[in-house]
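See structure below.
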Amino acid sequence: MNNFTLHTRLHTEFVNIDNQVQEIVSASGCKEGIVHVYIPHTTAGITINENADPDVVADIETVLNRLVPWKAGYAHCEGNAAAHVKASLMGATATVIIHEGRLALGTWQSLYFCEFDGPRTRKVWIKIIPS
Amino acid sequence: MNNFTLHTRLHTEFVNIDNQVQEIVSASGCKEGIVHVYIPHTTAGITINENADPDVVADIETVLNRLVPWKAGYAHCEGNAAAHVKASLMGATATVIIHEGRLALGTWQSLYFCEFDGPRTRKVWIKIIPS
Amino acid sequence: MNNFTLHTRLHTEFVNIDNQVQEIVSASGCKEGIVHVYIPHTTAGITINENADPDVVADIETVLNRLVPWKAGYAHCEGNAAAHVKASLMGATATVIIHEGRLALGTWQSLYFCEFDGPRTRKVWIKIIPS
């Protein structure tokens, strides 16, 4: 298992992590298989979406904030229940195909770490499965 | 492929399944790899979220019930369309890294079976892929 | 890595892709493992849900359209921000167990390609990992 650390700077922030995942794949020497990207946190998630226009991830953040407002009479006493809910809506994992040693992402796709209760120091765990 | 059965007791209920999945991983002897946890139902899902405060999963249930009310003029004739929609929002699968023979979950994370149309007897399917 | 092409005909459309995925699994000769199904687009997704009553996926489409309306003051200039958001809510990937050479789907389950900005010609990428 490999991992890397990232530092989020905002309360809600989608961070492109393509380069960090590709570096681990390249260092592994794996040419064909899958890479499993795992977020070991409960107030953050991961998604795959467009990297060309940063407004796309901003719109995802906006919709999630509208659907799951920060204050809405939640039971959880720590005050960050909305971050937990958004983490489950985006999910904690993403699996990407490795082809010819590279992450096989679509033309417009990137992997985004989804911070929902930052700023914080976060970990991403990586497992490579050769095929 | 391995599997286990669980019995949900409520209409909407998130059930911690860490122990059942770990038992199957331990029995397999796999030390490094991934375990794929698959829900073969269409009115239930799976998510990874906080296990310390049970209010967290209660809040997820509450938000999902607000976003997808049980009655809202759905087309599906069986009356449980909301359960199907919530199943797709949470997803039917979770993949967790196996490290040193253990499920590699974050400090506060657990795997939750998400019942959206209980009580029922349910199955969980497991596939272990060594790395 | 394998792939296939599909042509969606509507703006929002859930297309059953079980047969295409099973054909690739059968041709591979893999009897036990997992098949990773990957959508390389940012305005489409994938989900697993009921195939018996087509109203179920129609209800999922309806709820997603209500939660994420097509026009809602989005920042993304191309006018299809809602499609991107729905893609992230459903997710870009699904992993299914292969057992005895067959996709191990639940009795009522099928794999659905989720078109959110059609009609378009789309690709689905497939990676098989034997266990």
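The values are calculated or read from the model by the stated rules, or taken from the named source; none is laboratory data. Computed from a predicted model, the values in this text were never measured in an experiment. Cβ coordinates were reconstructed from backbone atoms using ideal geometry, including for glycine residues, and neighbour counts include every protein chain displayed. Calculation scope for accessible area: heavy atoms of the full protein, side chains included, ligands and nucleic acids excluded. Shrake-Rupley method; radii C 1.70, N 1.55, O 1.52, S 1.80 Å.
Using Cα atoms only, what is the angle between the long axis of helix C:18-28 and the major principal axis of chain C, expressed in degrees (0 to 90) to the nearest 10?
Roughly 40 degrees, rounded to the nearest 10.
When you look at the Cβ of every residue in B:99-105, what mean number of other chain Cβ atoms sits within 10 Å? Intermediate values should be presented prior to the final figure.
Working: counts 3, 1, 0, 0, 0, 6, 3.
Going residue by residue through B:99-105 and averaging, the value is 2.
List the relative contact order of the stretch B:2-130 as a percent without decimals, with contacts defined as Cα pairs under 8 Å and 6+ residues apart.
Working: 256 pairs, mean separation 69.4, N = 129.
Reported relative contact order: 54 percent.
Rg and Dmax of the stretch B:1-91, using alpha carbons, in Å: what are they?
15.5, 50
Provide the net charge surrounding B:Gly79, with neighbours chosen by a C-beta distance below 13 Å and charges set as Lys +1, Arg +1, Asp -1, Glu -1.
Once positives and negatives cancel, what remains is -4.
Under 20 °C and 1.002 mPa s, how fast does the stretch C:84-131 diffuse according to Stokes-Einstein, given a Kirkwood radius computed over C-alpha pairs? Answer in µm²/s, whole number.
For the chosen part, D equals 164 µm²/s.
For the stretch C:38-131, report the convex hull volume of the alpha-carbon atoms normalised per residue, in Å³, without decimals.
Once divided by residue count, the hull of the stretch C:38-131 is 111 Å³.
So how tilted is helix A:55-67 from the main axis of chain A? Cα-based, degrees 0 to 90, rounded to 10.
40
Which distances, in nm and shortest first, link the B:Leu10 label point to the same label point in every other copy, taking 7 Å along Cα→Cβ?
Copy-to-copy label distances for B:Leu10: 3.5, 3.5 nm.
Could you give the angle, 0 to 90 degrees to the nearest 10, between helix A:81-90's Cα long axis and the longest principal axis of the Cα atoms of chain A?
30
For the stretch B:47-124 and the stretch B:1-31, compute the distance between their C-alpha centroids and round to whole Å.
The distance from the Cα centre of the stretch B:47-124 to that of the stretch B:1-31 comes to 14 Å.
Report, by chain and number, residues whose modeled amide H sits under 5 Å from the one on C:Gly91, excluding near sequence neighbours (fewer than 5 apart, same chain).
Distant-sequence amide H within range of C:Gly91: C:Ile46.
Protein chains only, probe 1.4 Å: how do C:Lys127, B:Lys31, A:Lys71, A:Lys123 rank by accessible area, largest first?
A:Lys71, B:Lys31, A:Lys123, C:Lys127
Where in chain B lies the longest segment free of GluC sites (Glu not before Pro) that are both loop residues by DSSP (not H, G, I, E, B) and have at most 15 other Cβ atoms within 10 Å? Show your work: numbers first, answer last.
Numbers: sites that count: B:Glu78, B:Glu100.
Between exposed loop sites, the widest span is B:1-77.
At B:Pro54, with labels set 7 Å past Cα in the Cβ direction, how many nm apart are the copies from this one, shortest first?
Label point to label point, same position, other copies: 4.4, 4.4 nm.
Put the label 7 Å from Cα along Cα→Cβ for C:Gly73; what are its distances to the other copies, in nanometres, shortest first?
Label-point distances to the other copies, shortest first: 2.4, 2.5 nm.
Quick check of the Kirkwood formula: for the protein assembly as shown, what is the inverse mean of 1/r over all pairs of different Cα atoms, in Å?
Here the Kirkwood hydrodynamic radius works out to 20.7 Å.
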